[in-house]
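These notes concern the structure reproduced below.
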Amino acid sequence: MNFLWALSEIRTPFLDTLFQFITYFGQELLLIGVICALYWCVDKKLATQIGFTYVTAGLCVQGLKITFRIPRPWVLDPDFKAVESAIPAATGYSFPSGHTQGGTSLFAPLALNAKKLSIKLLCTAAFLLIGFSRMYLGCHTPKDVLTAIGVSLLFSWLIWKYKDLFVGPDSHVGLIALLVTAAAVGICIYSYILYHGGVIEARYASDCFKASGAALGFAAGWYLEQKYLDFSAHTGTRAEKILRFIAGLAVTAALQFGLKALIGHTLAGKTIQHFIVILWIIFLYPCIFSKLKK
């Protein structure tokens, strides 16, 4: 907390706005948009690598959150005040940082795959700045941020190091999809046991069910795409790719908000909603534009 108090002393309206902007790069919405653009229009293998990193690191972080159950800094120290604009997005437990995990899961794979040193350094600076923004805004302690970076870097490196198992000609599609599914189901069961036993509230279990639904949708969509579709992101003119991206993103947003209104806010509803949205991104939409192209 001493470090957060020190950062609070240098806050200014300009820095508040700057770091609030930087922290957005660790949010789910931006990461999904980047994955959609890469997966549908640019580089399916790189997008798959980022997706695997995001869902596996996300499951790990959510498991750590409900295991250690460390409150936010302003709960640990009631005299401490976070930047007001950052509080609404600071849901769930504090340890580890979900925004930092999301940002690192995006930019670390980009850094590992970049050929130019300047791009590697830029991507590394991006996830470090996201982590710092979470501390500046008062939403996380250094322990929260460093653990999230460490977990995400570990999964980023493992998936990059053994990427042929995921996206290469020798990929073990069935086994990997089964392992991700088992991990997602395990987190669901674990969080439900804690919730049912009164250890955690529904809102904390909800984040676990959302992460599990996304992981299940990714595993199912990836398996189906690899086995039965194997589309190419390179087909079409630049204008067609832009149109493909805009149309797909519009339907993704409609599904996200429509399913939330239709299914509701139950734990099962959160899981189904995120499962369908990610399945749409990874398999259903590529099915549609691949058939239309043919």
Identity of the residue in region 256-271, buried (at least 18 other Cβ atoms within 10 Å of the Cβ) and hydrophobic (A, V, I, L, M, F, W, C), that ends up nearest to residue 30 (Cα to Cα): 259
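Tell me, which residue of region 71-92 that is touching a residue at least 60 places away in the same chain (Cβ under 8 Å) and farther than 16 Å from residue 27 by Cα is nearest to the chain's Cα centre (by Cα)? Give the steps one after another, and end with the answer.
To start, the set of residues in region 71-92 that are touching a residue at least 60 places away in the same chain (Cβ under 8 Å) comprises 72-74, 76-77, 80-81, 83, 85-86, 89, 91-92.
Filter once more, so that each one left must be farther than 16 Å from residue 27 by Cα: 72-74, 76-77, 80-81, 83.
Details: 72: 20, 73: 23, 74: 25, 76: 26, 77: 29, 80: 28, 81: 27, 83: 23 Å.
Residue satisfying both the conditions and the ranking: 72.
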Qualifying residues in region 12-27 (those that are of a type in the set (Ser, Thr, Tyr) and assigned to a helix (DSSP H, G or I)) - the one nearest to residue 84 (Cα to Cα): 17
Enumeration of residues in region 58-95 that are under 20 Å from residue 2 (Cβ atoms), surrounded by fewer than 18 Cβ atoms within 10 Å (Cβ to Cβ) and aliphatic (A, V, I, L, M): 75, 76
Residue within region 272-282 that is more than 20 Å from the chain's Cα centre (by Cα) and farther than 17 Å from residue 205 by Cα present: no
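When you scan region 226-247, do you find a residue that is in a helix (DSSP H, G or I), within 21 Å of the chain's Cα centre (by Cα), of a type outside the set (Phe, Trp, Tyr) and more than 29 Å from residue 175 (Cβ to Cβ), even just one? It would help to see each step written out before you state the result.
Start the filter on region 226-247 by keeping residues that are in a helix (DSSP H, G or I), which leaves 226-228, 238-247.
Still in the list and also within 21 Å of the chain's Cα centre (by Cα): 245-246.
Among the residues that remain, those that are also of a type outside the set (Phe, Trp, Tyr) are: 246.
If we keep only those that are more than 29 Å from residue 175 (Cβ to Cβ) as well, we get 246.
Scanning region 226-247, I find at least one residue that is in a helix (DSSP H, G or I), within 21 Å of the chain's Cα centre (by Cα), of a type outside the set (Phe, Trp, Tyr) and more than 29 Å from residue 175 (Cβ to Cβ), so the answer is yes.
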Pairs where the first residue, in region 129-153, is in contact (Cβ under 8 Å) with a residue 24 or more places away in the chain and the second is assigned to a helix (DSSP H, G or I) and acidic (Asp, Glu), C-beta under 8 Å, 6+ apart: 134/144; 137/16
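Coordinate-derived values only; no laboratory data. Remember, predicted model here, so these are calculated numbers, not experimental data. When we count neighbours, we look across all protein chains shown, and the Cβ atoms used for this are built from the backbone with ideal geometry, even at glycine.
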